[in-house]
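Visitor: Could you have a look at this structure, given as structure tokens, before my questions?
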Amino acid sequence: MVKFAHLADCHLGGWRQEELQKLNFRSFQKIIERCIQENIDFMLISGDLFDSAYPPIEILKDSFSEFKKLHDAKIPVYLIAGSHDFSASGKTFLDVLEKAGFCKNVENWEVGEDGRIKLMPHMHEDIAIYGYPGRKSGMEIEDLRKVYFNEIHPFTIFMVHTTIKDVVGTIPMESIEKQKLPLANYYAMGHIHQRYKTQEANSHYVYPGPTFPNNFQELVDLNYGGFQLVEIIGGNLKTQNIQIPLKEVVCISIEIDDGLTATQKIISELDKFNLKDKIVLLRLKGVLTQGKTGDIHFNEIEEFVRKKEAYVFLRNISSVQVQDTGFETVSLPTEDVENVELKIIGEYSQKNPSNFTKHLPQLMTALSMEKNEDEKSFVFEDRLLSELKNILKLSEVL
Ligand SMILES: [Mn+2]
């Protein structure tokens, strides 16, 4: 019998809030502990071990000491880079971990003259472990269509950090049909932060989910982190998702319509719950007919939640809309958003003639630009500012 653990998406160093960063690491630590207890033969980490290619020193120190425990227990760790710990330069801290002898990166391929990508396995006894890394924004998908294995083995594992079509459903997202991947017995997948498992003939496709939720919504959906424990017994495969409960998550949704009285309403709603030592998630929704979100005293709410001894408090107000925008409400037939915007801007410009209004459509496009995954804030600011300067023809002035 062979027993192994399959982890993915640890995102060590990922949370900004100290309390959650601690839990994120604690969860990873508990998983290592459990794996040593289970006496596994090896561990797989399918990408995004670290939240960035250059994690903070504190995170590295703590991570190395966990990897040392595995090393001392003689448990080999096989891994691939994910979309987060991938770097275009090819240099990441995964290399440092590997050089220290704490893991083996199993990415190993050759590109043929025909452009096809031949993967070579790392052998763990008679188990062949192949790996292909993730890339930024699903760029690995095109390559994965060209990938093949160099030889056939009695048991094959393919570690891959990507999205298969089965998990995305109707969401418009780059994905690959699982049948397009070369044939393996166990697909140790990462990237999609869901617990997902499917089987087709002798092939098992598994996303273990992150080792700890990585954002507000994942805390709501998953509550806890976890990993997959897999046993190969004879020709059969037994897999089990093991979750690591740390702190209870309580998600409270409140509908508000008045920014001026919302603070009191929220506090009296929160007062109905036992928040002690819990991860408290507050989601506000509704249309404000009076006041704005800026009128809500979040510091008062936070103070209240602290008194109720919550472990940590997060809020999400993205579903709150403000009705009164200062513009008159125009009713238009359903058209695409851009046309509606142009009409409104046109009407506004007629009533408020100014040289500035002609820039509005371009400004709106530029300001809806988003920060790229892993882009440094100052790089994004530069990009945004130069865009705005160009539109306003300020380049010479500033
Ligand atoms: Mn991830």
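Each reported figure results from applying straightforward, stated rules to the coordinates on display, with no laboratory input. Worth saying up front: this structure is predicted, and the values here are computed from it rather than measured. Neighbour counts run over all protein chains shown; Cβ positions are idealised from the backbone, glycine included.
Visitor: Sort out for me the Cα centre separation of segment 116-156 from segment 219-255, rounded to whole Å.
Guide: Between the Cα centre of segment 116-156 and that of segment 219-255, the gap is 26 Å.
Visitor: Right, next: In segment 247-324, with Lys and Arg counted as +1 and Asp and Glu as -1 at Cβ, which of these residues, 294, 251, 323, has the Cα nearest the positive end of the dipole, that is, farthest along it?
Guide: Working it through, the farthest residue towards the positive pole turns out to be 251.
Visitor: For every other residue with a beta carbon closer than 14 angstrom to the beta carbon of residue 73, add +1 if it is Lys or Arg and -1 if Asp or Glu, then tell me the sum. Intermediate results must be reported in sequence, preceding the final value.
Guide: Numbers: positive: 3, 34, 68, 69, 74; negative: 33, 38, 41, 66, 72.
Net charge in that neighbourhood comes out at 0.
Visitor: How big is the dipole moment of the chain about its Cα centre under a simple scheme where the beta carbon of each Lys and Arg is +1, that of each Asp and Glu is -1, and everything else is neutral? Debye, nearest 20, please.
Guide: Computed charge dipole of the chain: roughly 640 debye.
Visitor: Using every Cα-Cα pair within segment 79-191, state what percent have a distance larger than 20 Å.
Guide: Of all Cα-Cα pairs in segment 79-191, 41 percent lie more than 20 Å apart.
Visitor: For a Förster distance of 45 Å, can you work out the FRET efficiency between the beta-carbons of residue 269 and residue 177, rounded to the nearest 0.05?
Guide: On the way: r = 46 Å, r/R0 = 1.02.
My answer for the efficiency is 0.50.
Visitor: Where a Cα-Cα gap under 22 Å defines reach, which lysines qualify for residue 99, not counting those fewer than 8 residues away within the same chain?
Guide: 61, 68, 69, 74, 91
Visitor: Determine the percent antiparallel among the DSSP beta bridges restricted to segment 225-311, to the nearest 5.
Guide: 55 percent
Visitor: Another question, if that's okay. Could you tell me the calculated FRET efficiency between residue 239 and residue 392, based on Cβ-Cβ distance and R0 = 56 angstrom, to the nearest 0.05?
Guide: After rounding to 0.05, the efficiency reads 0.45.
Visitor: Run down the lysines and flag those whose C-alpha is under 23 Å from the C-alpha of residue 358, throwing out any fewer than 8 positions away in its chain.
Guide: Hits, sequence-local ones excluded: 343, 389, 393.
Visitor: What are the lysines whose alpha-carbon lies under 25 Å from the alpha-carbon of residue 180, with same-chain residues fewer than 8 places away excluded?
Guide: 118, 136, 146, 165, 197, 238
Visitor: How are the C-alpha pair distances of the chain spread across 10 Å bins, as whole percents from the shortest bin up?
Guide: 4, 18, 24, 22, 17, 10, 3, 0
Visitor: Please work out the FRET efficiency for the pair residue 110 and residue 202, using the Cβ-Cβ distance as r and a Förster radius of 25 Å; give the result to the nearest 0.05.
Guide: Given R0 = 25 Å and the Cβ-Cβ separation, E is 0.40.
Visitor: If you don't mind, there's one more thing I want to ask. Find the lysine pairs in segment 247-324 meeting two conditions, Cα atoms under 18 Å apart and a separation of 8 or more places or different chains, and report how many there are.
Guide: Here the count comes out as 14.
Visitor: Report the far tail of the P(r) of segment 247-324, meaning the percent of Cα-Cα pairs longer than 23 Å.
Guide: Here the tail beyond 23 Å accounts for 17 percent of pairs.
Visitor: Here's a follow-up. Over the chain, calculate the relative contact order: mean separation of alpha carbon pairs under 8 Å at least 6 apart, over the residue count, as a percent.
Guide: Values: 735 pairs, mean separation 49.8, N = 398.
Result for the chain is 13 percent.
Visitor: Something else about it: How far apart, in nanometres, would the label points at residue 308 and residue 253 be if each is projected 7 angstrom from Cα along the Cα-to-Cβ direction?
Guide: 1.8 nm
Visitor: Could you tell me which residue out of 35, 111, 209 lies farthest along the dipole of the chain toward its positive end? Charges go on the beta carbon: Lys and Arg +1, Asp and Glu -1, centred on the Cα centre.
Guide: Working it through, the farthest residue towards the positive pole turns out to be 35.
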